[in-house]
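Since every read-out is calculated from the coordinates, none of them should be taken as a lab result. Everything quoted here is computed from the prediction, not taken from an experiment. Heads up, the Cβs are rebuilt from the backbone with ideal geometry, glycines too, and the neighbour counts pull from every protein chain shown.
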Amino acid sequence: MPLNDAEAVSCHRKAAELGKAEAQFNLGVCYGGGQGVPHDDAEALKWLTKAAEQGLAIAQHNVSVMLSLGRGTAQDNSQAFQWSLKAAAQGYAAAQLNVGTMYDSGIGVVQDSTQAVKWYTKAAEQDLAAAQHNLGLMHAFGKGTPVDLVAAYMWFESAAHSSDGAMRESAARNRDIIAPSLPQALIAEAKAKAVQHRSK
């Protein structure tokens, strides 16, 4: 028989108090979403931080998001960047996107387009559509990397293929904007690279 929310919180709390990182994460999520307990961002951040300190990448990412939004604490973009970087270094794609975005915009860290490209690439290679889209923009505008319209087209094509809704529309629109600047042979090359990327 499945547990109800309150019973799940009780189980998570027992394991969390014993130092189990996954339980600490789950308890933090329960507090953050008001599942089985009253919504409490400060308590959510407390438990997520305990899990993050044990190296749980998803918890590190969530702590970063809470710090950047000022949920449960004062906003602290510098600490948010540090937590995202820890999760990104473990290969957590959403954190890699965040690190790329923070380098790209100079939020919580000194602006560095080359580092932004590096981290967008890591997330894009894991099929994260937003990272693929952002990487397409970097290649299209020569930001942090030389202008490369074939690479831009390929990443926009990949983002359009691996997303839906507004992201798909934006990626397709940007792909179509640069298409007239490319000969058909290079468009075919970019499409082939996008297919090759998807088949990895």
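For segment 77-189, the share of alpha carbon pairs falling in successive 5 Å distance bins from zero is 2, 15, 22, 22, 18, 12, 5, 2, 1, 0 percent. Each Lys or Arg adds one and each Asp or Glu subtracts one; over the other residues with Cβ under 14 Å from the Cβ of Ser64, this totals 0. For Cα pairs less than 8 Å apart in space and 6+ apart in sequence, what is the mean separation divided by the residue count of the chain, i.e. the relative contact order in percent? Answer for the chain is 10 percent.
Please find, in a Gaussian network model of the chain (springs between Cα atoms separated by less than 10 Å), the residue of Asp104, Asp41, Asp176 whose mean-square fluctuation is greatest. Of Asp104, Asp41, Asp176, the most mobile in the Gaussian network model is Asp176. Pair-distance distribution P(r) for the chain, from all Cα-Cα distances in 5 Å bins starting at 0: 1, 9, 14, 15, 14, 13, 11, 9, 7, 4, 2, 1, 0 percent. Highest mobility in the GNM of the chain, judged by mean-square fluctuation with C-alpha springs under 10 Å and restricted to Ala123, Ala166, Ala93, is found for Ala166. Panel note: the C-alpha atoms of segment 31-109, placed on their principal axes, show extents of 37, 23, 17 Å (largest first). With a cut-off of 13 Å between beta carbons, the residues surrounding Gly36 carry a summed charge of -3, where Lys and Arg count +1 and Asp and Glu -1. A helix-only calculation puts the chain at -23000 deg cm²/dmol for mean residue ellipticity at 222 nm, using -39500 (n - 2.57) for each DSSP H run of at least four residues, averaged over all residues. Between rounded, prolate and oblate, where does segment 80-140 land on the alpha carbon gyration tensor, with a ≥ b ≥ c its root eigenvalues, rounded for a/c under 1.5, else prolate if a/b exceeds b/c? Oblate is the answer for segment 80-140, as a/c is 1.5 or above yet b/c matches or exceeds a/b. For the pairs Lys50/Lys118; Lys122/Lys143; Lys46/Lys86; Lys143/Lys191, note any where the Cα-Cα span goes beyond 20 Å. Going by Cα-Cα distance, Lys50/Lys118; Lys143/Lys191 fall outside the 20 Å limit. Here the Gaussian network model covers the chain, with springs between Cα atoms less than 10 Å apart; of Ser78, Ser113, Ser181, Ser181 fluctuates the most.
Counting other Cβ atoms within 10 Å, which trypsin sites (Lys or Arg not before Pro) in segment 119-168 have at most 11 and lie in a DSSP loop? Listed in order of number, the matching sites amount to none.
Projecting label points 7 angstrom from Cα along Cα→Cβ for Asp164 and Ser10 puts them 3.8 nm apart. Other residues within the sphere of radius under 13 Å centred on the Cβ of Leu137, judged by their own Cβ, net out at +1 (K and R +1, D and E -1).
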